[in-house]
1. Accessible area, 1.4 Å probe, largest first: how do 112, 36, 23 sort?
2. Solvent-accessible area of residue 19, probe 1.4 Å, all protein chains present, reported in Å² to the nearest ten, please.
3. With every protein chain in place, what's the accessible area of residue 25 (1.4 Å probe, Å², nearest 10)?
4. In whole angstrom, how far apart do the alpha carbon centroids of the range 114-137 and the range 7-68 sit?
5. First select every other residue whose beta carbon is under 10 angstrom from the beta carbon of residue 119; then total the charges, Lys and Arg +1, Asp and Glu -1.
6. Under a cut-off of 30 Å between alpha-carbon atoms, report the lysines in cross-link reach of residue 76, not counting same-chain residues fewer than 8 places apart.
7. Rank these residues by their accessible area, most exposed first, probe 1.4 Å: 76, 14, 122.
8. How about the range 60-140: which GluC sites (Glu not before Pro) there lie in a loop by DSSP and see at most 11 other Cβ atoms within 10 Å?
Amino acid sequence: TAGEFTFGEGDTIKNIDYDYEIMKYPVTDYEYVLYMLDAMENGNISVNENGASGNYPGDAIYPNGDYTFISFNSSKISWNGQIFEVQEGNVNHPVTGITYFGAWAFATHYGMEVPDQYEWEKAARGNTGYDYPWGNEVSYQNANYSNNFPYNVYSLGELTTPVDLFNGSTFSCISEG
């Protein structure tokens, strides 16, 4: 929503003078596969074993042209020429391997926009002046970070946690496949 917030390491006061919304949870592998299926059907992307690409109309930084949307080499999603497959146990995990252009394509497809750096930081930090919405310290009670949370699935050198599972509670034992 509109209003002041602190930005950057120096806690500069910035103002966003318009209301906006931001997704509460990251896009999952499953949701990105659904997008790609629809975009393929509409002829908006091309897919091969390495990834998916499509047209970006251009902006002040990037010219109009075809760009990679997702690299399957750095994702938990693959394409065998006929179907998309998501690594076992990762369907509800945050999608990885997405480029800015892939995020833009997904958002545009669903009538959304990719947040800019100011919108993102306001949403991530709040307007408190703290490093995080809850204060300046991070702990497993507030965030999943750096191997501290017991529900992690190792894939492609990354640990991810299912989207919307983390709720600040301590789990004694959770495992997956």
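1. Sorted descending by solvent-accessible area, the residues read 23, 112, 36.
2. Approximately 120 Å² of residue 19 is accessible to the 1.4 Å probe.
3. 100
4. Here the two parts' Cα centres lie 20 Å apart.
5. Once positives and negatives cancel, what remains is -3.
6. Residue 76 reaches 24, 122.
7. 14, 122, 76
8. Counting only loop positions with at most 11 other Cβ atoms within 10 Å, the GluC sites (Glu not before Pro) in the range 60-140 are 88, 137.
The values are calculated or read from the model by the stated rules, or taken from the named source; none is laboratory data. Since this is a predicted model, take the numbers as computed values, not measurements. Here Cβ is always computed from backbone atoms with ideal geometry, including for glycine, and neighbour counts include all displayed protein chains. Just the protein is used for accessible areas: all its heavy atoms, side chains included, with ligands, DNA and RNA removed. Shrake-Rupley method; radii C 1.70, N 1.55, O 1.52, S 1.80 Å.
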